[in-house]
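Engineer: Next up is a structure, given as structure tokens.
What follows is calculated from the coordinates using simple rules that are stated; it is not laboratory data. In this text the structure is predicted, and so the values were computed from the model without any measurement. Reconstructed Cβ throughout: ideal geometry from the backbone, glycine too, with neighbour counts over all protein chains shown.
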Amino acid sequence: MLHSVLQGFLVGIGLIIAIGAQNAFVLKQGLKQQYIFWVCLVCVISDSLLIFAGVFGFAAVLQAHANWVEMAKYFGAIFLFLYGLQHFYHAWSKQQYLVAAGKEESSLLRVLLLCLALTWLNPHVYLDTVVLIGSISTQIQGSKLDFALGASLASFLFFFSLGYGAKYLQPLFQDYRAWKVLDVGIGCLMWGIAYRLII
């Protein structure tokens, strides 16, 4: 059980930690100290629904068609390799800064609607959760439920840590070198997962 949970957690945290629109929005709300709990909760629930849909929906379809499993395995490995390569490229060629700026959101409803839009209208979210995590779950020897719970736990810890820890992270990530370290770490993790998919 613990092994499957840990596998799910590592896959989930490796995918979710990449800087994107959703994460930037959570960080912005954290820096503004505005509706942090509700924003993080919406992100966690949304991610968990997509993760479970991938593991028990998409994965079940793949298992019913053996040739699809092979295709998905190599597609997933290629995607993870390119995804990791992108982070290595950013680490060595770019000086990134994440500016958590934007106009103030005065209403909880408006903030949550924007959060939902950044989550559910983002194609990359479906690729990471439904397709990619669903594909990886077909290679897991242990419990699929434990794997999905581990990935969901990663989402929970990441979003709430990002939201409530944002005010402490701001000085650190004003230095572009912190982004380089983060990108290298993500790249190594993605290549490691890709290797395990194809061996």
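Engineer: Taking θ as phi - 60°, what are the ³J(HN,Hα) couplings along segment 131-140 by the Karplus curve (6.51, -1.76, 1.60), each to the nearest whole Hz, with x for Gly and Pro?
Structural biologist: 6, 6, 5, x, 5, 4, 5, 5, 9, 6
Engineer: ³J(HN,Hα) across segment 111-119 via Karplus (A = 6.51, B = -1.76, C = 1.60, θ = phi - 60°), whole Hz, x for Gly/Pro?
Structural biologist: So the J values, rounded to whole Hz, are 4, 5, 5, 5, 4, 4, 5, 5, 8.
Engineer: Normalise the Debye intensity by I(0) for segment 117-199, one equal point scatterer per Cα, no solvent, then take log10 at q = 0.20, 0.22 Å⁻¹ and round to two decimals.
Structural biologist: With one equal scatterer per Cα and no solvent, log10 I(q)/I(0) is -1.21, -1.29.
Engineer: Another question, if that's okay. To make sure I understand, if each residue's beta carbon is the centre and we count other beta carbons within 10 Å, what order do Thr129, Thr119 fall in, fewest to most? Provide the component values of the computation, followed by the final result.
Structural biologist: Values: Thr129 27, Thr119 19.
By the 10 Å Cβ count, ascending, the order reads Thr119, Thr129.
Engineer: Please rank Ile136, Ile36, Ile193, fewest neighbouring Cβ atoms within 10 Å first, as an exposure proxy.
Structural biologist: On the way: Ile136 27, Ile36 19, Ile193 23.
Result, fewest neighbours first: Ile36, Ile193, Ile136.
Engineer: Which whole-Hz ³J(HN,Hα) couplings does segment 37-52 yield from phi under the Karplus relation 6.51 cos²θ - 1.76 cosθ + 1.60, θ = phi - 60°, glycine and proline marked x?
Structural biologist: Ordered by residue, 3J(HN,Hα) equals 4, 5, 5, 5, 5, 4, 5, 5, 4, 4, 4, 4, 4, 5, 4, 5 Hz.
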